[in-house]
Structure formats: structure tokens, C-alpha cells
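Heads up, the thing below is written out as C-alpha cells.
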Amino acid sequence: MKILIIDDDEIYRKLVRKTLKDCTLFEADSIKSGVEILNETELDCVFLDYRLNGISGIEFLKQTNFKETYNTPLLIVTDSEYPGLNEEAKALGAISVISKNLLTVELFSMIRDSINTYKENCHFAGKL
């Protein structure tokens with residue numbers, strides 16, 4: 001599984017590397033480098049930090065028109081709770097918002113299930 005992590009927190013990226021050691025990981029510490037990887041690499045999933053270098057994950061989804069531009073499941077990760085974030089993120093193309101504290105084997109299972117659900121939905125919608 002090929003996963004892109006867009007997060008400016010090196011410690012978080014290191015934890016994800018340890019947790020998802022069986023995956024091929026791509027890392028970006030900025031939106032700019034993340035978009036470059038998105039445009040050049042076929043990915044199975046993207047982890048996007050909600051607060052990244054002065055831009056929110058929601059703004060990123062809006063600015064890139066993510067839902068229409070990329071055929072890649074995206075999870076927004078955050079260390080805080082924001083009312084309505086999950087619903088807004090899903091409306092803009094994210095498959096879910098998850099806590100940064102969820103770095104366990106459960107995370108890998110959740111990612112795999114989310115990707116499979118996303119692909120099934122795309123298949124039924126004729127996007128694949």
C-alpha cells in the first residue's frame with residue numbers, strides 16, 4: 001500500500017513510519033511538496049494534517065478541488081476536535097477525520113477498510 005503523509009510534524013511522521021512499516025510511505029512537510037507527490041505518484045491513501053503551515057486541511061481540499069482532481073482516498077488527521085469537521089471534510093472529498101492519537105494496528109485496519117469502501121463507491125459511481 002502506498003501512502004502519502006502530508007504533515008509538518010517530523011515526530012508524527014516518524015510514528016506513522018513505525019506503525020505502517022509494511023507500507024510504502026511518501027512524506028511531505030508542506031502542501032507544495034505534497035501536491036508534487038500527489039501529481040507524480042499513484043497512491044492508495046493520503047494522510048493530511050488538519051493544520052499545516054498556516055492552511056487548514058479544509059482549505060487544501062477546496063483549493064485543489066480534491067474530490068474532482070484526485071482519485072485517492074484522503075484522511076485528515078488532527079490532534080484536536082473541531083465541531084462539524086468530519087462532515088465538512090467528507091463533503092469536500094475526505095473519507096474521514098481521524099485522531100493523531102490513533103497510531104496502532106487498528107489504524108492500518110481502518111485505512112485498509114476505508115480504501116476498500118472508497119474504491120467500491122468509486123466503482124459504483126463510475127469513477128474508476
Considering every residue within the range 105-113, establish whether at least one is surrounded by fewer than 19 Cβ atoms within 10 Å (Cβ to Cβ) and acidic (D, E). yes
Hits in the range 78-91 (condition: at pLDDT below 90 and touching a Gly at 6+ places or on another chain (Cβ under 9 Å)): T78
Count of residues meeting criterion [part of a helix (DSSP H, G or I) and either more than 18 Å from R13 (Cα to Cα) or modelled with pLDDT of 70 or more (or both)] in the range 94-109: 1
What pairs can you find where one residue is in the range 111-128 and assigned to a helix (DSSP H, G or I), the other is at pLDDT below 55, and their Cβ atoms are less than 9 Å apart, with a gap of 6+ or different chains? K119/L128; N121/K127; C122/L128
Matching residues in the range 32-50 - criterion: being touching a Ser or Thr at 6+ places or on another chain (Cβ under 9 Å) and either among the hydrophobic types (A, V, I, L, M, F, W, C) or buried (at least 17 other Cβ atoms within 10 Å of the Cβ) (or both): V35, L38, L43, D44, C45, V46, D49, Y50
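Would you say K67 is at pLDDT below 90, of a type in the set (K, R) and touching a helix residue (DSSP H, G or I) at 6+ places or on another chain (Cβ under 8 Å)? Give the derivation first.
Values: at pLDDT below 90: yes; of a type in the set (K, R): yes; touching a helix residue (DSSP H, G or I) at 6+ places or on another chain (Cβ under 8 Å): yes.
So K67 fits the description; yes.
Suppose we keep only residues that are under 10 Å from the mean Cα position of the chain (by Cα) and outside any strand (DSSP E or B) within the range 51-83. Which one would you say is surrounded by the fewest Cβ atoms within 10 Å (Cβ to Cβ)? Before you say what the answer is, go through the steps one by one.
Let us first name the residues in the range 51-83 that are under 10 Å from the mean Cα position of the chain (by Cα), namely 57, 72-77.
Okay, now just the ones that are also outside any strand (DSSP E or B), so 57, 72-73.
Details: G57: 27, T72: 20, P73: 23.
Within the range 51-83, the match that is surrounded by the fewest Cβ atoms within 10 Å (Cβ to Cβ) is T72.
Look at E27 and say whether it is under 14 Å from the mean Cα position of the chain (by Cα), modelled with pLDDT of 90 or more and crowded, with 18+ Cβ neighbours inside 10 Å. First the steps, then the outcome.
Numbers: under 14 Å from the mean Cα position of the chain (by Cα): yes; modelled with pLDDT of 90 or more: yes; crowded, with 18+ Cβ neighbours inside 10 Å: yes.
So E27 fits the description; yes.
The values are calculated or read from the model by the stated rules, or taken from the named source; none is laboratory data. This one's a predicted model, so the numbers in the text were calculated from it and none came from an experiment. Please note: Cβ atoms are built from the backbone with ideal geometry, for glycine as well, and neighbour counts cover all protein chains shown.
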